[in-house]
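Only one structure is covered here, and it is reproduced in the block below.
The values are calculated or read from the model by the stated rules, or taken from the named source; none is laboratory data. Fair warning: this is a prediction, and the values are worked out from it, not measured in the lab. Ideal geometry is used to build each Cβ from the backbone, glycine not excepted, and the neighbour counts take in all protein chains shown. Heavy atoms of the whole protein, side chains included, go into the accessibility calculation; ligands, DNA and RNA do not. Shrake-Rupley method; radii C 1.70, N 1.55, O 1.52, S 1.80 Å.
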Amino acid sequence: MPYKLYRRTFTKLSILSGASVLVLPGCSDDAVRPSRSVTLTADERELLERFAEVYVPTEGTSLKPRSEVPVVDNIEHAFALMDAPTLEQVRIGLKLFNYGAILIGLHFARFVHLSVEQRLAYIRRWEEGMEIQRGISTVIKKLVCYGYWKDIEAGRAIGYQGPVSEAGGIPSIGNAPMPKDRS
Amino acid sequence: MLKVTQPSEIPDAGLTLDADVVVIGSGAAGAVTAYELARSGAKVVVLEAGPYIPSDQFREHTATAMETLYQDAGNQVNTTGDLPILQGRCVGGSTVVNAAACFRVPDQVLQNWREQHGLDNLSPEVLAPYFERVERNLSVHQNDPHEVNYNGRLLIEGAQKVGIPAAPISRNIKECALTGHCISGCKTDRKQSMLVTYLPWASELGATILSGTRAETFEISDRRVTAVNAAASDANGKVKPVRVEAGLVVVAAGAVQTPLLFQRNKLGNSSDQVGRNFACHPSLAVFGEHEQDVYAWVGATLSAQAGDVENPLRGGYLLEAGMVGPVVTSSWVDGGIGRDFVEFMESAKKFQAAVTLIHDHNVGRVYLDGDRKRIEYDLDERDFESMREALRGTARIYFAAGAHRVYLPTTRRTTIESADQIDSVINSLTNGKHRYRMTSYHPQGTMRMGADPARSVVAPDGRCHDLDNVYIPDASLFPSSLLVNPQVTVYTMASYISDRILARA
């Protein structure tokens, strides 16, 4: 299945690997507005968990423990913001990454079943791989970053202040007055 | 606050409005045009596809802002998928979520527009009073010393050491509270976006502003658009028809949505240029790690600039000192994986940060593929060379400022460990899809302005060549990219075109 999937999607998945500033590509025309509930599959959850485990290993560091951040739930929320065709492509990409470890990676096991060292090495190969591999690995990294760093306290652990205006009692100065003349 | 008619307030049966002018889009171009025409006594209706979100609802949280204030929840990308193209999608448009940087279009670009596109009317002398007007109206000023944070001072100091021009940046802001949350919307209304300036002024002069109302079709009669049909979508998914009959139509939906609207209506395209000539200032972020804390995200989002902005056609680039929170920090630059990534983020407060802008060529295209929009744009080889120069300049500045490591925005962690490695590392970079973590903040150029109707969509006075009563004042009309942040030039062109409309009325 993964090899067939790879061939089928190789030329179709260009949009998948967008990885915008925060989340993922979603290039619907405005007429198609995404707004629905999306539930990650057990496979998707496991993949994202296993990826986050090696990508953001917080144990013994000053970062907020990953176990205290709903990383995958946050990603699920991000999925709900995508239009249906993009979401489908993203899901295919996650499968490709996970199952690609079997044949493309020659591990004969899915990504989620690899050891920590194997998973790190697998990600590094995709970072330097073909265009689509670079794109998909970047998407997953950005998803995990979004899922983890969306948490305000995770930011505060590295010295980022987060929201400040309300806490600081900074008032609105309101609308600017209309110019008196047009010159 | 702003008086806005929201979809929930529109009857289920819909709404028909009669106006002198219907303006599609409430961002930089739409808001200015609405105000200028309302000021002359015209009855103006503004249709905005995005929601109205008052500033007191801004959360100062980047992820939330992306979901609520940005086009496609911040996920609009090129067809290749390696270039996010950020635009505001809310009342006030991108002016609500930009970082307030203000520049006039470089004279060299105007000269090119005159020579290559027949825009003899757009001389610096003609445009100067329009620039002055919008700059005065929007409190544009060069950052005062207290508005230049440590990150900005490092950029200026490093640039001076290596002989690159640098200065505090100019912004449209009043009494800046230095929260660092410009791109999430200014919660305390210090940034002089359209939300607190031209839109409330237009409203005060009688303009009607509809949010959540997306223009879809035009009714046409003999080279004139006689009515615009729109759809207002409320929070429950109910869609209500809105029809606006007007003598004049201003399309100011931005460089992505404006051409799509014309394409959807198969309109205005005798030149076959609608949607073509897309440019977007593909931008890269670069971090320089220092021994001491920098806290680049504290203070003005953009504080200082470096580079040769007067020479965009000769490879000039622009660097802008700025950084936002960890969601973006972790996405702009690849810090590695595992322990490398954790240490990278733990060190983020020690990063000097800037983004690069280049004068890219108009090699892209915006079009509809069924009901899906496509933004075809890949980095041109000529622009890649400009980008490398910008990276080289940034690295030189950072090391001169005292950084001991520079992180480049590649899709796999790439660092420069000392100044003498700069050339070898930068020279090893190659152009290619999914090799860099680029972002675009400035889509432009899909409805090119020009004197020749066979080569352009918009005439020198802002009117669509093919239509007698349709004007386009947004960034889509730029015949080439600017290099600099475009908002002030958009305001200026909208003011200029408003005067052309009034002169013709």
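The set of residues from the stretch B:342-361 being open to solvent by 50 Å² or more (accessible area, probe 1.4 Å) and away from every other protein chain (no Cβ under 11 Å) comprises just one member, B:His361. All conditions in (1) outside any strand (DSSP E or B); (2) open to solvent by less than 10 Å² (accessible area, probe 1.4 Å) hold for B:Asp120, with the sole exception of (2). Just name the residue that is surrounded by the fewest Cβ atoms within 10 Å (Cβ to Cβ) out of those in the stretch B:184-204 that are touching a Lys or Arg at 6+ places or on another chain (Cβ under 7 Å) and at the interface with chain A (Cβ under 8 Å from one of its Cβ atoms). Going through the qualifying residues, I end up with B:Gln192. Of everything listed in (1) crowded, with 22+ Cβ neighbours inside 10 Å; (2) without any contact (Cβ under 8 Å) to a residue 24 or more places away in the chain, the single unmet condition for B:Arg136 is (1).
Could you list all residues from the stretch B:402-426 that are open to solvent by 20 Å² or more (accessible area, probe 1.4 Å) and either β-branched (Val, Ile, Thr) or in contact (Cβ under 8 Å) with a residue 24 or more places away in the chain (or both)? If the condition is that a residue be open to solvent by 20 Å² or more (accessible area, probe 1.4 Å) and either β-branched (Val, Ile, Thr) or in contact (Cβ under 8 Å) with a residue 24 or more places away in the chain (or both), then B:Gly402, B:His404, B:Arg405, B:Arg412, B:Arg413, B:Thr414, B:Thr415, B:Ala419, B:Asp423, B:Val425 are the ones that fit. Take the conditions (1) of a type in the set (D, E, K, R); (2) modelled with pLDDT under 95; (3) crowded, with 20+ Cβ neighbours inside 10 Å; B:Asp222 misses just one of them, which is (3).
Take A:Thr11 and decide whether it is open to solvent by 10 Å² or more (accessible area, probe 1.4 Å) and at pLDDT 95 or above. Judged against the criteria, A:Thr11 is not a match. The single residue among B:Ser270, B:Ser303 that is surrounded by 22 or more Cβ atoms within 10 Å (Cβ to Cβ), hydroxyl-bearing (Ser, Thr, Tyr) and more than 9 Å from chain A (Cβ to nearest Cβ) turns out to be B:Ser303. Within the stretch B:86-111, the residues that satisfy the criterion of being outside any helix (DSSP H, G or I), of a type outside the set (A, V, I, L, M, F, W, C) and open to solvent by 10 Å² or more (accessible area, probe 1.4 Å) are B:Gln87, B:Gly88, B:Arg89, B:Asn98, B:Arg104. No other residue among B:Leu260, B:Leu267, B:Leu248, B:Leu284 is in a helix (DSSP H, G or I) and hydrophobic (A, V, I, L, M, F, W, C) apart from B:Leu260. With respect to B:Arg392, determine if the residue is in contact (Cβ under 8 Å) with a residue 24 or more places away in the chain, within 20 Å of B:Pro282 (Cα to Cα), open to solvent by 20 Å² or more (accessible area, probe 1.4 Å) and in contact with a Phe, Trp or Tyr (Cβ under 6 Å, 6 or more places away or on another chain). Considered against the rule, which asks whether it is in contact (Cβ under 8 Å) with a residue 24 or more places away in the chain, within 20 Å of B:Pro282 (Cα to Cα), open to solvent by 20 Å² or more (accessible area, probe 1.4 Å) and in contact with a Phe, Trp or Tyr (Cβ under 6 Å, 6 or more places away or on another chain), B:Arg392 comes out as no. In the stretch B:53-85, the qualifying residues are those that are buried (at least 23 other Cβ atoms within 10 Å of the Cβ), in contact (Cβ under 8 Å) with a residue 60 or more places away in the chain and within 24 Å of B:Ala230 (Cα to Cα), and the one that is nearest to the other protein chains (Cβ to nearest Cβ) is B:Gln76. Against the conditions (1) more than 21 Å from A:Glu128 (Cβ to Cβ); (2) in contact (Cβ under 8 Å) with a residue 24 or more places away in the chain; (3) surrounded by fewer than 16 Cβ atoms within 10 Å (Cβ to Cβ), where does A:Leu48 fall short? Just the number, please. Going through (1) more than 21 Å from A:Glu128 (Cβ to Cβ); (2) in contact (Cβ under 8 Å) with a residue 24 or more places away in the chain; (3) surrounded by fewer than 16 Cβ atoms within 10 Å (Cβ to Cβ) one by one, A:Leu48 breaks only (3). Among the residues here, B:Asn229 does not qualify as open to solvent by 10 Å² or more (accessible area, probe 1.4 Å), in contact (Cβ under 8 Å) with a residue 24 or more places away in the chain and in contact with a strand residue (DSSP E or B) (Cβ under 9 Å, 6 or more places away or on another chain). If B:Lys174 satisfies all but one of (1) within 13 Å of chain A (Cβ to nearest Cβ); (2) open to solvent by less than 10 Å² (accessible area, probe 1.4 Å); (3) basic (Lys, Arg), what's the number of the condition it fails? Of (1) within 13 Å of chain A (Cβ to nearest Cβ); (2) open to solvent by less than 10 Å² (accessible area, probe 1.4 Å); (3) basic (Lys, Arg), only one is false for B:Lys174: (2). The number of residues in the stretch A:62-84 being of a type outside the set (Phe, Trp, Tyr), outside any loop (DSSP other than H, G, I, E, B) and open to solvent by less than 50 Å² (accessible area, probe 1.4 Å) comes to 8. On the stretch given as the stretch B:319-332, residues that are touching a helix residue (DSSP H, G or I) at 6+ places or on another chain (Cβ under 8 Å) and more than 7 Å from chain A (Cβ to nearest Cβ) total 6. Within the stretch B:233-257, how many residues turn out to be within 11 Å of another protein chain (Cβ to nearest Cβ), open to solvent by 20 Å² or more (accessible area, probe 1.4 Å) and in contact with a helix residue (DSSP H, G or I) (Cβ under 9 Å, 6 or more places away or on another chain)? Qualifying residue count, the stretch B:233-257: 6.
The single residue among B:Gly325, B:Gly338, B:Gly364 that is surrounded by fewer than 19 Cβ atoms within 10 Å (Cβ to Cβ) and either small (Gly, Ala, Ser) or touching a residue at least 40 places away in the same chain (Cβ under 8 Å) (or both) turns out to be B:Gly338. If you check A:Gly174, A:Gly147, A:Gly135, A:Gly155 for being small (Gly, Ala, Ser) and outside any helix (DSSP H, G or I), only one passes: A:Gly174. Of the residues making up the stretch B:448-505, those that are in a helix (DSSP H, G or I) and within 22 Å of the chain's Cα centre (by Cα) number 15. Within the stretch B:9-37, being among the polar types (S, T, N, Q) and open to solvent by less than 10 Å² (accessible area, probe 1.4 Å) holds for B:Ser26, B:Thr33. Within the stretch A:146-183, the set of residues being closer than 30 Å to A:Leu87 by Cα, open to solvent by less than 10 Å² (accessible area, probe 1.4 Å) and in contact (Cβ under 8 Å) with a residue 12 or more places away in the chain comprises A:Tyr146, A:Gly147, A:Tyr148, A:Ala154. Checked against (1) open to solvent by 10 Å² or more (accessible area, probe 1.4 Å); (2) in a strand (DSSP E or B), B:Thr430 passes all but condition (2). Filter the stretch B:38-52 down to residues that are among the charged types (D, E, K, R) and either more than 7 Å from every other protein chain (Cβ to nearest Cβ) or within 20 Å of the chain's Cα centre (by Cα) (or both) and give me whichever is most open to solvent (accessible area, probe 1.4 Å). The extreme case among them is B:Lys43.
Can you tell me how many residues within the stretch B:179-200 are in contact with an Asp or Glu (Cβ under 7 Å, 6 or more places away or on another chain) and assigned to a loop (DSSP other than H, G, I, E, B)? Matching residues across the stretch B:179-200 total 5. Here A:Ala109 meets the list (1) open to solvent by 10 Å² or more (accessible area, probe 1.4 Å); (2) within 11 Å of chain B (Cβ to nearest Cβ) almost entirely, failing just condition (2).
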